[in-house]
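Written out below as structure tokens is the structure these notes cover.
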Amino acid sequence: MSSGYTSMRHIALVSLVVDDYDRAKAFYCDSLGFECLSDQPMPDGKRWLVVKPKGEGASGLLLAQADGEAQAAAIGNQTGGRVGFFLYTDDFDSDFHRMKANGIRFLEEPRHEVYGTVAVFEDLYGNKWDLLQPAVETP
């Protein structure tokens, strides 16, 4: 049975609720090294602010400033305390040390798992991320 949805290719954006557009943009672009794809004003003081890791094919984050108490309460806990974001790298050691030098708070030392080298870090708001270099499969 075909669903008819053959043109969907990938998830392009994920919304991340933040407390302040400029503060979030500075963290993701300056501290993490993401690039800003769009920062356009919208009605009512909102902005269409999209950042993503540099490189081909990366999905982006729509940084959405909280609007109201319910959204503000979700800041930093959008995945219920679990690691909810996975930042892939092909040079773990270099990125790990650069991120630490930029003030990124890692919750653990790097570890080697069957799926790759990984360390959990927090973003500006306490959301948990994996910095992950996938394991290279040998034939």
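Out of Gln71, Gln78, which single residue is modelled with pLDDT under 95 and of a type in the set (S, T, N, Q)?
Working: Gln71 fails: modelled with pLDDT under 95.
Of the residues listed, the single one that is modelled with pLDDT under 95 and of a type in the set (S, T, N, Q) is Gln78.
Strands (runs of 3 or more DSSP E) wholly in the range 1-104 with at least 1 residues that are among the aromatic types (Phe, Trp, Tyr) and out of contact with any Asp or Glu (no Cβ under 8 Å at 6 or more places or on another chain) - which ones? If you could, list the steps in order and put the result at the bottom.
On the way: elements: 13-18, 35-41, 47-52, 60-65, 83-88.
Because the criterion is at least 1 residues that are among the aromatic types (Phe, Trp, Tyr) and out of contact with any Asp or Glu (no Cβ under 8 Å at 6 or more places or on another chain), the strands (runs of 3 or more DSSP E) in the range 1-104 that meet it are 83-88.
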Those residues of the range 74-106 that are touching a residue at least 12 places away in the same chain (Cβ under 8 Å), over 25 Å from Gly55 (Cα atoms) and open to solvent by less than 70 Å² (accessible area, probe 1.4 Å) come to a total of 6
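The values are calculated or read from the model by the stated rules, or taken from the named source; none is laboratory data. Because the structure is predicted, anything quoted here is derived from the model rather than measured. Counting neighbours? That spans all protein chains shown, and the Cβs are built from the backbone with ideal geometry, glycine included. Heavy atoms of the whole protein, side chains included, go into the accessibility calculation; ligands, DNA and RNA do not. Shrake-Rupley method; radii C 1.70, N 1.55, O 1.52, S 1.80 Å.
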